[in-house]
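Novice: Quick one: the structure is below, and I'll ask about it shortly.
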Amino acid sequence: MSIDTVSDATSSPKTAQPFAELGLKKDEYESIREILGRRPTSSELAMYSVMWSEHCSYKSSKVHLRQFGTKVPKNDSMLVGIGENAGVVDIGQGWAVTFKVESHNHPSYVEPYQGAATGIGGIVRDIISMGARPVAVMDPLRFGDPENPDTRRVLTGIVSGIGGYGNCLGLPNIGGEIVFDASYQGNPLVNALCVGTMKHEDIHLAKASGVGNAVILYGARTGGDGIGGVSVLASETFDADGPAKRPSVQVGDPFMEKLLIECTLEVLHAGLVEGIQDLGGAGISCATSELASNGEGGMHVWLDRVLLRDSTLSPEEILMSESQERMCAVVEPGKIDAFMAVCKKWDVEAVVIGEVNNSGRLTVEWHGQEIVNVPPRSVAHDGPVYERPYARPDWMDVRQSSGPDNLVRPKSAAEVKQTWLTMTGTPNLASKSWVTSQYDRYVMGNTVLAQPEDSGMIRVDEKTGLGIAVSTDCNARFAALDPYKGAQLALAESYRNVAVTGAKPLAVTNCLNFGSPEDSAVMWQFEQAVTGLADACLEMGTPVTGGNVSFYNQTGEVAIHPTPVIGVLGVIQDVDRRTPMAWQRDGEIVYVLGATRDELAGSEWAHAIHDHLGGLPPVLDLNAEMTLAEILVAGSRDGLFTAAHDVSEGGIAQSLAEMAMRSGVGARLEVPAGIDAFTFLWSESATRAVVVVSQDCYEKFVALCDAKKFPVTKIGVVDALSKSIELAGVFGESISLDIEELRTISEETLPRLFG
Amino acid sequence: MTPRVGVITFPGSLDDKDAARAVRLAGGESVSLWHADADLHSVDAVVLPGGFSYGDYLRCGAIAKFAPVMGKLVDAANGGLPVLGICNGFQVLTESHLLPGALTRNDHLHFICRDQKLRIENNSSMWTSDFEVGQEILIPLKNGEGGYVADEVTLDELEGEGRVIARYLELNPNGSRRDIAGITNERGNVVGIMPHPEHAVEKLTGPTTDGLGFFTSLLSSLVNNGKISA
């Protein structure tokens with residue numbers, strides 16, 4: 001094979017290069033020539049093309065994401081902020097937590113099993129490269145119309161991939177979301193969240209410091225998988241008639257990843273590593289250029305030393321390969337032997353591929369010939385930045401003015417009961433246990449709460465009971481109606497879900513899934529959502545610690561609903577004090593916290609019953625949301641609650657049904673005065689929760705709400721002898737819902753569709 | 001003297017720390033054993049934990065059978081050392097021929113994680129002596145290849161000799177023949193079970209604490225056999 005060397009590039013400036021095929025625009029190519037003062041070699045072109053792709057460079061989103069850095073709330077718990085592999089938060093007692101959510105949307109549509117599997121693999125490596133032990137994963141998923149046959153292909157593949165990879169890795173899967181909406185038909189969303197814990201002193205960063213230190217590549221061998229995956233898959237809108245893109249998807253090996261976790265934590269804890277970086281999108285190109293530009297500024301790489309799965313790979317392919325389960329470490333020369341010994345113990349292959357220097361250049365040689373000589377910062381950080389045009393589209397007026405007021409509502413007790421039964425079985429509200437029972441939630445033995453509870457909760461310290469809770473949420477219909485408010489509502493819901501289990505919300509991560517940034521309407525949605533989120537995080541005191549942007553979730557002209565998935569991390573001092581969602585004993589009092597208004601726009605009822613999307617999303621008062629959280633956390637800490645559950649999709653009806661199904665016993669309830677049964681049951685007003693309080697705590701609880709001036713309404717009592725929800729005040733009558741009937745309806749939907 | 005219970009870690013073992021925690025909560029001392037170290041370090045009993053040893057490549061448990069530590073373990077088990085194989089550990093025990101039969105892909109072809117009701121059928125093994133025969137327990141189950149199979153003669157023999165130690169109740173989660181969840185060898189020192197007792201040892205994290213019985217049984221058996229002074 002002919003090698004394009006740096007001297008070739010200097011001597012043949014006019015050679016035509018396939019920059020467009022690699023996803024680079026003409027002006028981007030020109031600026032590479034300007035940086036180098038010559039044409040790039042083919043290897044350099046490969047590196048720039050992957051590193052300057054939307055996925056790696058955030059070139060369209062950067063100008064807006066800066067808000068997360070400027071609107072930073074005063075918060076003492078941030079140890080490592082945005083920009084590293086994942087942010088790190090102090091949770092006290094010397095413990096720190098790192099968490100992050102990332103998208104693997106496009107690969108998962110092309111090859112659902114491997115796409116979803118490697119999505120988990122990637123986010124887990126981000127967490128271990130901070131020095132943390134991964135302790136849990138969660139998967140926020142979005143699919144198209146559940147009745148569409150392709151949804152079955154995509155969903156079953158993705159669920160198998162998450163299970164197949166995650167279960168073998170030994171990380172409990174403690175939550176996430178499964179949402180169906182036709183807007184995701186050609187663009188399912190597979191987001192993966194991982195959370196890890198460590199002691200403060202174990203935090204590690206991705207930088208190559210120390211001249212003379214060795215750069216070691218370890219883990220799986222490099223193969224031809226995923227070549228061009230970043231630029232070809234993640235940064236180009238799917239073309240309905242385009243060529244098959246299967247070869248670009250990476251293939252995962254969870255067993256190797258498990259060894260990599262143990263091996264990496266062992267070398268880190270033994271003090272053998274100066275800097276560390278995982279290999280994900282853009283593979284060796286990304287790892288070497290980021291390590292070099294974050295450290296002393298120079299690095300030399302012997303690319304022919306890389307261990308290969310396929311000996312015919314060209315240097316360009318090796319630089320771009322996205323083979324999974326690889327890591328890169330910077331190690332002092334005197335510690336190389338010890339590092340290699342740990343790798344050998346775990347049967348992990350490792351090889352020194354480079355050396356840190358202070359040349360200010362990243363140089364790569366291939367069998368003695370120089371094929372790359374670039375300033376590493378220009379590859380890793382100084383990519384193009386676009387000020388994409390954005391404008392509120394005219395159709396927003398129509399969308400926001402066509403509210404749900406004219407939709408036919410149930411008007412009798414019989415109609416309310418029928419609506420309740422129907423809603424319980426809609427794909428979005430139905431039990432997800434058919435999916436979640438394919439994931440291991442028990443492994444590691446620290447899972448305190450897992451789905452269907454409001455947040456996943458993990459015990460961090462067995463001695464003290466210190467724990468964390470994580471939730472991810474987004475009602476994308478709200479974001480479609482108003483992206484600014486929609487992002488804030490997503491944050492509020494996630495914040496509430498953490499608080500409802502008794503944990504204090506601390507920090508935020510996000511996965512911003514949008515259509516094409518080249519569409520000014522999509523770019524406006526993005527700008528609005530980021531601004532809304534940054535503003536709300538500032539006000540609520542929860543900093544954004546990191547996140548991910550996924551653009552081009554669009555088929556032809558049709559973009560997905562803007563879907564800013566928000567993850568919130570909370571801390572709980574003693575997991576024994578957590579609040580579960582199931583009510584338990586006879587006579588416990590059931591309250592609704594918060595005010596219910598007539599807010600049905602973007603609701604599950606409007607969507608499921610009327611296929612309607614229009615109007616304005618529910619109003620949101622961030623201060624009220626914080627007060628609600630204070631009540632929920634204080635009530636949990638002081639033992640006031642026997643149960644609590646968030647009110648969101650499907651309204652109070654859904655919350656009550658879920659609490660009853662989880663518990664198996666019924667309740668005698670009444671629609672409060674001043675509101676009709678329909679609005680009470682299915683409105684999706686924000687900032688509400690159902691809480692259950694024992695007879696001897698209710699005075700204290702009501703006093704707490706009064707002191708905080710927060711609205712609270714008693715709606716009834718738990719009835720341990722009953723196996724049904726009895727609701728009075730339904731258009732002058734009472735209705736009775738049998739819990740077993742609800743359960744049957746709730747549990748048969750997903751197996752019917754996908755089993 | 002506190003009984004020392006070894007927990008073997010193979011590459012890909014996942015529930016090893018959980019098994020060690022269960023040993024400790026039952027009152028024993030857990031000792032980490034490494035697959036490549038052909039030494040049982042004088043432990044009084046061994047747990048083969050759940051997980052995906054060697055990635056489940058070739059066949060679940062098939063490669064683990066050849067680990068250096070396994071040669072020692074097979075000899076010791078044949079000599080009466082108490083051994084409990086949980087999930088993947090059960091698969092390793094059948095592959096090593098310490099227990100008959102095999103574990104195959106779940107009949108519904110999905111991995112399944114659920115709280116599983118079991119009935120204890122035999123309380124004369126070293127790992128089930130603290131239970132009552134007929135006692136119903138609830139512990140987590142999580143496997144992709146947990147369908148217990150054996151030929152009819154072997155199944156009849158297991159039944160006839162009372163070597164089925166636990167059976168699935170209400171729902172057979174994986175297509176196991178005769179609802180078998182766990183079995184023992186003739187001597188009663190080697191037990192394999194597909195569900196996970198080590199995940200039902202604390203009220204906080206498990207559906208019950210029913211699983212603790214397997215580990216307290218071991219400690220009682222060791223005392224009764226005079227291996228350990230009470």
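The values are calculated or read from the model by the stated rules, or taken from the named source; none is laboratory data. Because the structure is a prediction, the values reported are computed rather than measured. Note that we place each Cβ from the backbone using ideal geometry, even for glycine, and neighbour counts take in every protein chain shown. Ligands, DNA and RNA are stripped out before the accessible areas are found, and what is left, the full protein with its side chains, is counted by its heavy atoms. Shrake-Rupley method; radii C 1.70, N 1.55, O 1.52, S 1.80 Å.
Novice: So which residues in the stretch A:380-390 are of a type outside the set (Ser, Thr, Tyr), open to solvent by less than 50 Å² (accessible area, probe 1.4 Å) and assigned to a loop (DSSP other than H, G, I, E, B), if there are any at all?
Specialist: A:383, A:384, A:388
Novice: Counting only residues that are more than 37 Å from the chain's Cα centre (by Cα), give me the strands (runs of 3 or more DSSP E) lying completely in the stretch A:666-755 with at least 1 of them.
Specialist: A:666-670, A:712-719, A:724-730, A:733-738
Novice: Let me ask something else about it. Residues being touching a strand residue (DSSP E or B) at 6+ places or on another chain (Cβ under 8 Å) and more than 14 Å from chain B (Cβ to nearest Cβ): count how many of those fall in the stretch A:125-172.
Specialist: Here the count works out to 19.
Novice: Same structure, new question: Here are A:634, A:644: which of them is under 27 Å from the mean Cα position of the chain (by Cα) and within 21 Å of residue A:595 (Cβ to Cβ)?
Specialist: The match here is A:644.
Novice: Can you find a residue in the stretch A:197-205 that is more than 14 Å from chain B (Cβ to nearest Cβ), open to solvent by less than 30 Å² (accessible area, probe 1.4 Å) and out of contact with any strand residue (DSSP E or B) (no Cβ under 9 Å at 6 or more places or on another chain)?
Specialist: no
Novice: Of the residues that sit in the stretch A:463-475 and are surrounded by fewer than 24 Cβ atoms within 10 Å (Cβ to Cβ) and in contact with a Lys or Arg (Cβ under 8 Å, 6 or more places away or on another chain), which one is nearest to the other protein chains (Cβ to nearest Cβ)?
Specialist: Result: A:465.
Novice: From the list B:212, B:141, pick out the single residue that is open to solvent by 30 Å² or more (accessible area, probe 1.4 Å), within 26 Å of residue A:441 (Cβ to Cβ), of a type in the set (A, V, I, L, M, F, W, C) and within 14 Å of chain A (Cβ to nearest Cβ).
Specialist: Testing whether each residue is open to solvent by 30 Å² or more (accessible area, probe 1.4 Å), within 26 Å of residue A:441 (Cβ to Cβ), of a type in the set (A, V, I, L, M, F, W, C) and within 14 Å of chain A (Cβ to nearest Cβ) leaves just B:212.
Novice: So which residues in the stretch A:722-740 are closer than 17 Å to residue A:431 by Cα and out of contact with any helix residue (DSSP H, G or I) (no Cβ under 7 Å at 6 or more places or on another chain)?
Specialist: Those that are closer than 17 Å to residue A:431 by Cα and out of contact with any helix residue (DSSP H, G or I) (no Cβ under 7 Å at 6 or more places or on another chain): A:738, A:740.
Novice: Filter the stretch B:1-25 for residues that are more than 14 Å from chain A (Cβ to nearest Cβ) and open to solvent by 20 Å² or more (accessible area, probe 1.4 Å) and give the result.
Specialist: B:1, B:2, B:4
Novice: In addition: Suppose we filter the stretch B:187-209 for residues that are within 14 Å of chain A (Cβ to nearest Cβ), polar (S, T, N, Q) and in contact with a helix residue (DSSP H, G or I) (Cβ under 9 Å, 6 or more places away or on another chain); how many remain?
Specialist: Qualifying residue count for the region: 2.
Novice: OK, next. Could you look through the stretch B:47-79, keep only residues that are open to solvent by less than 10 Å² (accessible area, probe 1.4 Å) and out of contact with any helix residue (DSSP H, G or I) (no Cβ under 6 Å at 6 or more places or on another chain), and pick out the one that is farthest from the other protein chains (Cβ to nearest Cβ)?
Specialist: For the stretch B:47-79, the residue satisfying everything is B:77.
Novice: Can you pull out every residue in the stretch A:493-533 that is of a type in the set (Phe, Trp, Tyr) and surrounded by fewer than 24 Cβ atoms within 10 Å (Cβ to Cβ)?
Specialist: A:524
Novice: If you go through the stretch B:26-46, how many residues are acidic (Asp, Glu), away from every other protein chain (no Cβ under 14 Å), assigned to a loop (DSSP other than H, G, I, E, B) and without any contact (Cβ under 8 Å) to a residue 60 or more places away in the chain?
Specialist: Qualifying residue count, the stretch B:26-46: 1.
Novice: Given (1) within 21 Å of residue B:203 (Cα to Cα); (2) at the interface with chain B (Cβ under 10 Å from one of its Cβ atoms); (3) of a type outside the set (D, E, K, R), identify the lone condition not met by residue A:455.
Specialist: Exception for residue A:455: condition (2).
Novice: If you take the residues of the stretch A:450-473 that are of a type in the set (Asp, Glu) and in contact with an Asp or Glu (Cβ under 7 Å, 6 or more places away or on another chain), which of them is farthest from residue B:142 (Cα to Cα)?
Specialist: My answer is A:473.
Novice: Right, something else. Do you know which residues across the stretch A:534-579 are surrounded by 21 or more Cβ atoms within 10 Å (Cβ to Cβ) and among the basic types (Lys, Arg)?
Specialist: A:578
Novice: Filter the stretch A:618-644 down to residues that are open to solvent by less than 10 Å² (accessible area, probe 1.4 Å) and not small (Gly, Ala, Ser) and give me whichever is nearest to residue A:721 (Cα to Cα).
Specialist: Result: A:640.
Novice: Let me ask something additional. How many residues does the stretch A:12-27 hold that are over 42 Å from the mean Cα position of the chain (by Cα) and either open to solvent by 90 Å² or more (accessible area, probe 1.4 Å) or hydrophobic (A, V, I, L, M, F, W, C) (or both)?
Specialist: Count: 1.
Novice: Turning to a different aspect of this structure: Between residues in the stretch A:219-231 that are at positive phi and residues that are at pLDDT below 75, which pairs lie under 8 Å by C-beta distance while being six or more apart or on different chains?
Specialist: So the pair list comes out as A:226/A:248; A:226/A:249; A:228/A:248.
Novice: Within the bounds of the stretch A:674-683, is there any residue that is open to solvent by 10 Å² or more (accessible area, probe 1.4 Å) and within 25 Å of residue A:610 (Cβ to Cβ)?
Specialist: yes
Novice: Is it the case that the stretch B:109-123 has a residue that's open to solvent by less than 30 Å² (accessible area, probe 1.4 Å), within 14 Å of chain A (Cβ to nearest Cβ) and free of Cβ contacts under 8 Å to residues at least 40 places away in the same chain?
Specialist: Scanning the stretch B:109-123 turns up at least one residue that is open to solvent by less than 30 Å² (accessible area, probe 1.4 Å), within 14 Å of chain A (Cβ to nearest Cβ) and free of Cβ contacts under 8 Å to residues at least 40 places away in the same chain.
Novice: Okay, next question. When the residues of the stretch A:296-349 are filtered to those that are of a type in the set (Lys, Arg) and open to solvent by 10 Å² or more (accessible area, probe 1.4 Å), which remaining residue is nearest to the chain's Cα centre (by Cα)?
Specialist: A:309
Novice: Looking at residue B:148 and the list (1) free of Cβ contacts under 8 Å to residues at least 60 places away in the same chain; (2) open to solvent by 20 Å² or more (accessible area, probe 1.4 Å); (3) more than 14 Å from every other protein chain (Cβ to nearest Cβ), which single condition is not satisfied?
Specialist: Evaluating residue B:148 over (1) free of Cβ contacts under 8 Å to residues at least 60 places away in the same chain; (2) open to solvent by 20 Å² or more (accessible area, probe 1.4 Å); (3) more than 14 Å from every other protein chain (Cβ to nearest Cβ) leaves (2) as the failure.
Rundown of residues vs (1) within 14 Å of another protein chain (Cβ to nearest Cβ); (2) open to solvent by 20 Å² or more (accessible area, probe 1.4 Å); (3) out of contact with any Asp or Glu (no Cβ under 6 Å at 6 or more places or on another chain); (4) not in a helix (DSSP H, G or I), yes/no style:
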| site | (1), (2), (3), (4) |
| --- | --- |
| A:414 | no, yes, yes, no |
| A:422 | no, yes, yes, no |
| A:427 | no, yes, yes, yes |
| A:435 | yes, no, yes, no |
| A:440 | yes, no, yes, yes |
| A:444 | yes, yes, yes, yes |
| A:448 | yes, no, yes, yes |
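Novice: Scan (1) within 14 Å of chain B (Cβ to nearest Cβ); (2) among the aliphatic types (A, V, I, L, M); (3) touching a Leu at 6+ places or on another chain (Cβ under 9 Å) for the single condition residue A:265 breaks and write down its number.
Specialist: (3)
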